1. Would you check if Arg182 is of a type in the set (D, E, K, R), farther than 20 Å from Asp211 by Cα, in contact (Cβ under 8 Å) with a residue 60 or more places away in the chain and crowded, with 21+ Cβ neighbours inside 10 Å?
2. Just to check your reading of the model, which residue among Gly233, Gly290 is surrounded by 24 or more Cβ atoms within 10 Å (Cβ to Cβ) and either within 22 Å of His87 (Cβ to Cβ) or free of Cβ contacts under 8 Å to residues at least 40 places away in the same chain (or both)?
3. Can you tell me which of (1) surrounded by fewer than 24 Cβ atoms within 10 Å (Cβ to Cβ); (2) outside any helix (DSSP H, G or I); (3) out of contact with any Ser or Thr (no Cβ under 6 Å at 6 or more places or on another chain); (4) at pLDDT 95 or above is the one Arg344 doesn't meet?
4. Being surrounded by fewer than 24 Cβ atoms within 10 Å (Cβ to Cβ) and among the small types (Gly, Ala, Ser) is the requirement here; does Ala196 meet it?
5. Given the condition modelled with pLDDT of 95 or more and surrounded by 21 or more Cβ atoms within 10 Å (Cβ to Cβ), answer yes or no: does some residue in the range 1-19 qualify?
6. Does any residue in the range 329-341 that is under 25 Å from Leu132 (Cβ atoms) come within less than 8 Å, Cβ to Cβ, of a residue that is of a type in the set (Asp, Glu) and not in a strand (DSSP E or B) six or more places away or on a different chain, and which pairs are these?
7. Give the residue that is farthest from the chain's Cα centre (by Cα), with candidates limited to residues of the range 336-391 that are closer than 30 Å to Thr36 by Cβ and hydroxyl-bearing (Ser, Thr, Tyr).
8. Every residue in the range 368-388 that is farther than 15 Å from Pro280 by Cα and at pLDDT 90 or above, please.
Amino acid sequence: MRLFGTTRTGTPAPAGRGTWCCEFELSGDAVPRAVTEPAGQEQARVLVRLHGEPLGYLGVPLPPTGLDVDDLVRLAHATFARGIAAHLAEEGVHDERLPGRPAAAGGRCPNRVVADDLVTVVVCTRDRSAVLASCLERLRRLTHGAVEVLVVDNAPSDDGTRRLVESVAREDPRFRYTVEPRPGLSFARNRGLAEAAGRFVLFTDDDVSVDPDWVQGALRGFRRRDDVACVTGLVCTADITSAAEAYFDARASSWSSRTEARLFDLAGDRDASALYPYAPGIFGTGANFGFDRDHLRALGGFDEALGAGTRTRGGEDLDVFVRVLRSGRAIAYEPAAVVWHHHRADDAALLRQLYGYGTGLSAFVVKCLMSAGTRGEVLRRLIVGARRLAAMPGDAGDRLDGRSARPDGALRRELLGVAVGPLLYLLALADLRRRPHGVPSAP
């Protein structure tokens, strides 16, 4: 049974090298389901969940007849026995069906969140109404009772997005449309933040397919501790049918493969990385994050000199993570907040994205160097950071494990972005000075 189908394009991966990505709920009688149909892959990556909570991934062969449910159940118990036992113990359940398929979740399920908090979901988009339609269809399936979906149309060149959202809103009043005329993802996100009615604001991208229980997963993260001001979640790869998708999947492992909850702050819950808290990928990604609305407003929102659609092309996510931590609040990584991301399917698009990663990262570093509060911390990490950046493409190649080749020029494009990012940030600041209300927040 599939949840939602979509058509992907791009250079096909070598025969048998692609991976069909799906999920499997261990309890009840559900069958594997996915956001895309199999496309001739010989391997499957299965996210195993128990009462919605991710336990981890299984890599299995994908025969033409499809996955065998009984085999998945046996393999899940063999692989995730400790996680299954811990979940059921927290729920207070002794299930005589084990090691078969557990019963449905009970009232004490740790992944069951009962809340009436109004949550605003913000989707920023620009001239991609065809892609956005799939995103909105999935958002219509959200199960949280008190939710509004705000689509921010960023500097549109036509009325396609407005017409699409208005057609959806006629059937589902939870959806509404607004426009942000200034081009740039941070401008668009700040527009959504300003208009959000919810206590919590969740952001996702137009190329993302959300899980129906995504909002509840995020709320679980906010309940991890009273000082949590930001929640990130699991961003699963939606499918791998091209070499570019395979490479990006390997690069994205820091936020696409972790299935254990984690708290981050500047006190006792620090990551062991020598770059912490200035390292990209530790906390999560902007395709799946949410904030305490009032706290993010107090921080000044997103830095409008950073992000897609500006000269710098990125860096705004890491910037806001660091500012949350430096404000004395915590970040919760909550794998129960699941979304599925469609990666760039061709080499040209992937190389543009890697270039943007480079420009955004060095632009963010320069911002920190320009601030007395963060200058010393960043200077002490520059050498380690440079070494880590140089090793990143090789690490991704190792994770590919021969399944696909690294795109030609990947490292060169990213390093070029790093080299020009500082200049681009200064130019972006000049752009903001020529615009009203364009003052970036201090890190």
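1. So Arg182 fails the test.
2. Only one candidate qualifies: Gly233.
3. Single failed check for Arg344: (4).
4. Criteria met by Ala196.
5. no
6. Pairs that qualify, where the first residue is under 25 Å from Leu132 (Cβ atoms) and the partner is of a type in the set (Asp, Glu) and not in a strand (DSSP E or B), are Ala337/Asp211; Val338/Asp211; Val338/Asp213; Val339/Asp211; Trp340/Asp211; His341/Asp207.
7. Ranking the qualifying residues of the range 336-391, first place goes to Tyr355.
8. Passing the criteria: Leu369, Met370, Ser371, Ala372, Gly373, Thr374, Arg375, Gly376, Glu377, Leu379, Arg380.
The values are calculated or read from the model by the stated rules, or taken from the named source; none is laboratory data. All of these numbers come straight from a predicted model, not from anything done at the bench. Every residue, glycine among them, receives a Cβ derived from its backbone with ideal geometry; neighbour counts consider all protein chains shown.
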